[in-house]
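A short worksheet on the structure shown next.
Coordinate-derived values only; no laboratory data. From a predicted model like this one, the values you see are computed outputs, not experimental measurements. Here the Cβ positions follow ideal geometry from the backbone for every residue, glycine too, while neighbour counts run over all protein chains shown.
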Amino acid sequence: MDTLPASRNAALAARDLAVVWHPCTQMRDHESVPMIPIARGEGVWLYDHDGRRYLDAISSWWTNIFGHANPRIGAALKQQLDTLEHVIFAGFTHDAALELAEALVRIAPPGLERVFFADNGSAAVEVALKMSFHYWRNLGRGDKTRFVALTGSYHGETLGALSVSDVALYRETYAPLLLTPILAPSPDAYARAPGESWEAVAERRLGELRAILERHAHEICAVIVEPLVQCAGGMRMYHPRYLAGLRALCDAFEVHFIADEIAVGFGRTGTLFACEQAGVAPDFMCLSKGLTGGFLPLSAVLTSSRVYEAFYAEYGSGKAFLHSHSYTGNPLACRAALATLEIFRSEPVLERNRALAARLAARLAPLADHPHVAEVRQTGMIAAVELVRDKATRTPWPADERRGLRVYLHGLEHGALLRPLGNVVYFMPPYVITEEEIDFMVGVAAAGIERAVAA
Ligand SMILES: Cc1ncc(COP(=O)(O)O)c(C=O)c1O
């Protein structure tokens, strides 16, 4: 007979590691880093099979905005399950998708009046890039074939989305396969000169973007940005002025503005959509992640009637947007999204988040003085602590020392799922977190940081 496993966790982890290949993982790491099998979730907590629990400080890759096993979203899904699980979305439609499209148009920045569904964030970025290119082609501007992206940006892992991303860790290996965007310097405020304001950095970067557009606008379809926070690139933040200036430049140079709100949409930055803080509407807005409250994969690209009409023509003209995914507009995912929007409609989510964000700021403030913390920054319900080897010169820790991994391991030992991006420890918790849970989360992280920076 086999020997009995030490724990149910260990048994499940061993079975998993024998057959599963996990995302964004060097699988060999699991020779020393534990694989955690999760049995159930409730609110901000994830429970493993040995009775331990972990506070999900990163909303499971920024998806789970109203807590795990949220009963309101669950109930809506159960009803939909008994009615319609899926239907082809070409030639057919259903209540959940059309209600969701209507609802998204109602809450989106003005002028975004058409909704195209896809099934994950990267797919939404692919849709926006292709639609922008195809729009110009339909207008006889086939010379527009390139995109502008910001340094430090991240838009997903599929080849098109990765092409307009600038995180070397993910992009470098595949560079020979990718489109070559024109990179504009990010308005990232971390890189500001001494005494320079966030707004001044934005102005300076707008000047540089203008110079790029002056030279290249004739060949550029769109500028794609993550509004206000470049998330996977290290939670780098910038002033809304950049988005206002970007809108004006895109208009002046006849280039589209693609807002990738996949990570920052749905209240994360303090407003429902980050673009609202600049009072601008993009030509394309990509949504996913929080859209379904973290229940099911779904994404949407919102665009204008003007863009839509450029595709509306006789069949033989070849102007139609023939992009599709099998699960486009999946009814279960749309129902989860409607339930998520209903929570925003019926509860003072943004107001509550303001109080939670203030608590988070207060608890994190002392870390700013830490000798290995270069910066503590925050935009709404995203906060980040940038660890460095040398505070005065902001010299980062060498990547191969993997200081962030030490914080991750400390978190697991002490009941928190923290997953630093390199040396940036960040917090993006579900909005149902309590003030006491914020205190706990920051406490674990602070102790983890102390351990991580020790020789
Ligand atoms: C801004 C942004 N765009 C796109 C994506 C890709 O989304 P997905 O992982 O669903 O493909 C992400 C994922 O982290 C993201 O943060």
- Ascending count of other beta-carbon atoms within 10 Å, so fewest first, for C24, C221, C334: C24, C221, C334
- Exposed GluC sites (Glu not before Pro) absent: longest stretch of the chain, with sites in DSSP loops and at most 12 other Cβ within 10 Å deemed exposed: 86-313
- Give me the percent of DSSP beta bridges within the chain that run antiparallel, rounded to the nearest 5. 65 percent
- Treat every Asp and Glu Cβ in the stretch 1-131 as -1 and every Lys and Arg Cβ as +1, leave all other atoms uncharged, and give the resulting dipole magnitude about the Cα centre to the nearest 20 debye. 180 debye
- Message: Let me check against my output: what whole-number percent is the relative contact order of the chain, with C-alpha pairs under 8 Å and at least 6 apart?
- Response: 20 percent
- Item | Residues with amide H under 5 Å from that of I58, placed H, sequence gap 5 or more | M428
- If you stretched the chain out fully between D95 and K391, how much longer would it get, using 0.36 nm times the residue separation minus the C-alpha to C-alpha distance? 101.0 nm
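Calculate, for V19 and E199, the FRET efficiency according to 1/(1 + (r/R0)^6) with r their C-beta to C-beta distance and R0 45 Å; round to the nearest 0.05. The partial results should precede the final answer.
On the way: r = 52 Å, r/R0 = 1.15.
Once rounded, the FRET efficiency stands at 0.30.
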- Using 0.36 nm per residue of separation minus the Cα-Cα distance, give me the extension gain between E208 and R141 in nm, one decimal. 21.6 nm
- Message: Which one, V280, H218, A252, projects farthest toward the positive side of the charge dipole computed for the stretch 213-289 from Cβ point charges (K/R +1, D/E -1)?
- Response: V280
- Item | Residue-wise HN-Hα coupling along the stretch 330-336, computed from phi with Karplus coefficients 6.51, -1.76, 1.60 (Hz; x: Gly, Pro) | 3, x, 5, 5, 4, 5, 4
